[in-house]
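Trainee: Encoded as structure tokens, here's the structure I'll be asking about.
Rule-based calculations on the coordinates, nothing more; no lab input. Not measured: the values here are computed from a predicted model. Heads up, the Cβs are rebuilt from the backbone with ideal geometry, glycines too, and the neighbour counts pull from every protein chain shown.
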Amino acid sequence: MVFDLPHIKKYMDKKITIAVDGFSSCGKSTLAKQLAAKLGYVYIDSGAMYRAVTLYALRNNMIVDEELDTKKLIASLDDVKIHFELNANGEPQTFLNGTNVEREIRKIYVSQWVSPVAAVPEVRHVMVAQQQKMGEAKGVVMDGRDIGTTVFPNAELKIFVTAEVDVRAQRRYDEMLSKGEPADMNEVKQNLQERDRIDQSRAESPLRKADDAVVLDNSHITRDEQLQVAYDWAMERIKSAH
Ligand code: DC
């Protein structure tokens, strides 16, 4: 019950904003979720929002013959309503126009189209505005690709997570198998590398480390160890925010 100590409690009353960015499947979400829970902050998965838009485009015939109809998608953006709710286990679920799409948006056919959709500037403008609104009150940990550079450039703590590509592919593959989804290691690795390439090279807010971000390479450390490192950074920033 450390937080009962008055001096610690004083620090915890002051909430900061935490941005967690990095490559695909490097453990950002796990870290961001655990860090938010430990600090009593709200966790927001910005990638889920781009995935939900992608699912919307797929379901509404905006991706046909391997071609994304950007104009049609842009014209429909007002009809795409995304929100998050916690399920009975306290896990955030993504809703698209009132329907829980949490499982669907993680499937490979969505992953294959999410980077091109996320590269459309108009899509990004709408998503970024919604993300900034969600983080207005601070006390959030948001993970994504451009959180430290574009969404919250003034975040008190910016963490850039990396891991070796083979480690990332293995984690993603294991995750898919554990959910009972069919997975092919080569396909998973190729998809990761292709997404990284598009995410880093797009014109609008590409994936890159913010100059003032701290790097966390988790290739060879456990989840608990990475959480401890990030928590220590967060406590440092919370204290210096006073
Ligand atoms: O974190 P993720 O793998 O669920 O993200 C899915 C895709 O969305 C990813 O390939 C890039 C994109 N994305 C983005 O462009 N900006 C963000 N802030 C978050 C995700």
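Trainee: Mind running the shape call on region 117-224? Use the C-alpha gyration tensor, a ≥ b ≥ c as the square roots of the eigenvalues: rounded below 1.5 for a/c, prolate if a/b tops b/c, oblate otherwise.
Mentor: prolate
Trainee: Please arrange THR149, THR30 by counting, for each residue, the other beta carbons lying within 10 Å of its beta carbon, fewest first.
Mentor: Placing the least packed residue first, the sequence is THR30, THR149.
Trainee: So what is the 222 nm mean residue ellipticity for the chain from helices alone, if each DSSP H run of at least 4 adds -39500 (n - 2.57) and you divide by all residues, rounding to the nearest 500 deg cm²/dmol?
Mentor: About -15000 deg cm²/dmol.
Trainee: Additional query: What percent does the relative contact order of the chain come to when contacts are Cα pairs within less than 8 Å and at least six residues apart?
Mentor: 33
Trainee: Would you kindly state how much longer the chain becomes between ASN186 and ASP13 on full extension, computed as 0.36 nm times their sequence separation minus their alpha carbon distance, in nm to one decimal?
Mentor: Residue separation times 0.36 nm, minus the Cα-Cα distance, leaves 57.6 nm.
Trainee: Also, I was wondering about something else. Between 0 and 90 degrees, rounded to the nearest ten: what's the tilt of helix 121-134 against the longest Cα principal axis of the chain?
Mentor: 30
Trainee: Starting from the 7 Å offset along Cα-to-Cβ, what nm value, one decimal, do you get for the label separation of ASP174 and GLU204?
Mentor: 3.6
Trainee: Non-local amide H neighbours of GLY144 (under 5 Å, H modeled in plane, Pro and chain starts lacking H): which ones?
Mentor: Close amide H contacts, sequence-distant or interchain: VAL20, ASP21, GLY22.
Trainee: Exceeding 18 Å between C-alpha atoms, which entries from my cross-link table qualify? They are LYS33/LYS209; LYS38/LYS239; LYS28/LYS81; LYS158/LYS189; LYS81/LYS133; LYS38/LYS179.
Mentor: LYS33/LYS209; LYS28/LYS81; LYS158/LYS189; LYS38/LYS179
Trainee: Rounded to whole Å, give me the distance from the Cα center of region 107-157 to that of region 38-55.
Mentor: Cα centroid of region 107-157 versus Cα centroid of region 38-55: 8 Å apart.
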